[in-house]
Structure formats: C-alpha cells, structure tokens
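Asker: Here it is: the structure, laid out below.
The values are calculated or read from the model by the stated rules, or taken from the named source; none is laboratory data. Just so it is clear, the structure is predicted and the values come from calculations on it, not from any experiment. Cβ coordinates were reconstructed from backbone atoms using ideal geometry, including for glycine residues, and neighbour counts include every protein chain displayed.
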Amino acid sequence: MADHRQISGPIHSRALVVGALGLAQTLAWGSSYYLPAILAGPISTGVGVPRSWVFGALSSALLIAAFAGPAVGRIVDRRGGRGVLVLSNIVLAAGLVALAVANGPVLLFAAWAVLGVGMALGLYDTAFAALSALYGRDARGPITGITLIAGFASTVSWPLTTWLNGLLGWRETLLVWAALNLVLGLPLNLLLPQRERTAPMAHARDRSVGWKPYREMFLLAFVFAAAWFVTGDVGAPAAPARALRSISVAGDRGGRPSWAASGSGAAR
C-alpha cells in the first residue's frame, strides 16, 4: 500500500539528519546513562549515601524508561519523533539540575526518576522509531549511521566529565551537561524533519495480516534484557573502577586524568 505521507521540516538530507541526530544521541547518552561511570563517587560523597545507591538510582531510572517506552512509541507513531526528542532535552536538563542540587537520598532518586523519563523520551528507542516513521524500511541506513556516531558517547563524555569534575566539581559539571542539552541537543533535534499525513491511512483491520507475534516479542524482549544485563554488569557499574584505576596510574606517572578517562571510554 502506498505511503500517503511527506517529509517536512528544516532539513531533508539524510546525511544531515544522521549527523544531527547522531550528535544529539551522543549528548543524550553522555549526559544520562554514562554519567555515573565518572560521577558516582563524587555524587555519593556529596549527597552522603553509599555509591551503590547512586547505581540503584540509575537502575530505577532504567526501569522507568523501560515502562514508559511503549507509551512513548505510541506518541511517536501518532505525532512523529521530533517533538518527543526536543522534549527529552528539556526533561534531561531538568533532571540534571535536580541532581545537581540533591542533598539527600530522596532528591537523588527523584532526580534520577526525572532522568529516567528523559531517557525514555530521548535515547535510541525514540530516535529509531522516529527514523522508521520517516523512512520506513529505508531507515536501516540512517539507524546504522546514528549508532556508529553515538557509539562514541562514552569516548567523548567520560574524559569531558572527568575534566569538568576536576575543574568545577560534580554539581557544576551536571549543570554544564544540563546547559548542553538546551543549547546544543535541543537545536540538533529540532533539525529532524517531520512527516505529515496528506491522506487518511487505512483502517487497522484492512492492514491486518492475521499474525500477532506475542511469543516472538517476549522472546526478543528476553534476549535484549539478557544482553543489557551482561553488558550493564561489565559496563557502567564496572566503569568507575576502571576509570579510577586508570586515572590513578596516570597521576602516578605524570599523566592527565582526562587522558586516562579518554582511554577507558575508547576501550569500551
């Protein structure tokens, strides 16, 4: 069946879309999921809680993002992804500001809850759904390109976060990341074109193929969950130890901490 939709927005070039959205995803990941790898220790000391609580707050944010994902997907299906991604930058900035002023466990978990909503709105799931809504089956190329760019999120964010933390402190570092979401991430997501409907789509029953892949979807969800369990176990929670060990060795040998963090990020 023909697709009665057209792309509208500031840019139409797929290369520009991939570049803009790839940079926006790099910023979104670096200012949310990858933050505890460097800042878990300073945050736990400043807030007065064990470091494990910081990762517990991150885990709660990931659960919130997971449960919010289907609702976000339906919004992307109905209205497109640009508005959702732009909103994610605002929510992430709000969560980072809340985390920057946290002075106890309640505000710590509340801030990460806000960040969890921002992650649901602004990470890969939403970006890929937006691209699929724009390009259909042709979205595979742009999705691959964005994944390659945003794959360097830890490589970029870990040394930058380390440098900012040493220069300003962890609270000010979070405020810098919040500002970057507003002054850089938000405009980049605004460059994403929208796809407007020019004719009503067919009724769902007219497009039904008589197959509801419930079992397959549960199996796929289990595979994704298992993969994230393994990579998360050896990734973000283990990263502070790797980064701190690298930073310590670099300091003992006259190197810079940001260089060590950069190496840890690239190794990931």
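Asker: Report whether or not ALA100 is touching a Lys or Arg at 6+ places or on another chain (Cβ under 6 Å), among the aliphatic types (A, V, I, L, M) and within 17 Å of SER31 (Cβ to Cβ).
Answerer: Considered against the rule, which asks whether it is touching a Lys or Arg at 6+ places or on another chain (Cβ under 6 Å), among the aliphatic types (A, V, I, L, M) and within 17 Å of SER31 (Cβ to Cβ), ALA100 comes out as yes.
Asker: If you take the residues in the stretch 57-81 that are touching a Ser or Thr at 6+ places or on another chain (Cβ under 7 Å) and in a helix (DSSP H, G or I), which one is surrounded by the most Cβ atoms within 10 Å (Cβ to Cβ)?
Answerer: The residue in question is VAL76.
Asker: Just to be sure I understand the filter: pairs with C-beta atoms under 7 Å, separated by 6 or more residues or on different chains, first member in the stretch 52-76 and more than 16 Å from THR126 (Cα to Cα) and of a type in the set (S, T, N, Q), second member at pLDDT 90 or above and surrounded by 15 or more Cβ atoms within 10 Å (Cβ to Cβ). Which pairs pass?
Answerer: From the stretch 52-76, the pairs are SER60/PHE109; SER60/TRP112; SER60/ALA113; SER60/GLY116.
Asker: Can SER32 be described as touching a residue at least 24 places away in the same chain (Cβ under 8 Å), of a type in the set (S, T, N, Q), out of contact with any Gly (no Cβ under 6 Å at 6 or more places or on another chain) and not in a helix (DSSP H, G or I)?
Answerer: Judged against the criteria, SER32 is a match.
Asker: To continue, here is another question. With respect to the numbered conditions (1) at pLDDT below 95; (2) within 18 Å of TRP29 (Cα to Cα), which one is the sole condition not fulfilled by VAL76?
Answerer: Among (1) at pLDDT below 95; (2) within 18 Å of TRP29 (Cα to Cα), the lone unmet condition for VAL76 is (2).
Asker: Now for a different question. Could you check the stretch 145-173 and list, in sequence order, the residues that are outside any helix (DSSP H, G or I) and either at pLDDT 90 or above or closer than 16 Å to LEU85 by Cβ (or both)?
Answerer: If the condition is that a residue be outside any helix (DSSP H, G or I) and either at pLDDT 90 or above or closer than 16 Å to LEU85 by Cβ (or both), then GLY169 is the only one that fits.
Per-residue answers, yes or no, for (1) among the basic types (Lys, Arg); (2) over 19 Å from GLY69 (Cα atoms); (3) part of a helix (DSSP H, G or I):
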site	(1), (2), (3)
GLY83	no, no, yes
VAL97	no, yes, yes
ASN103	no, yes, no
GLY118	no, no, yes
ASP138	no, yes, yes
ILE143	no, no, yes
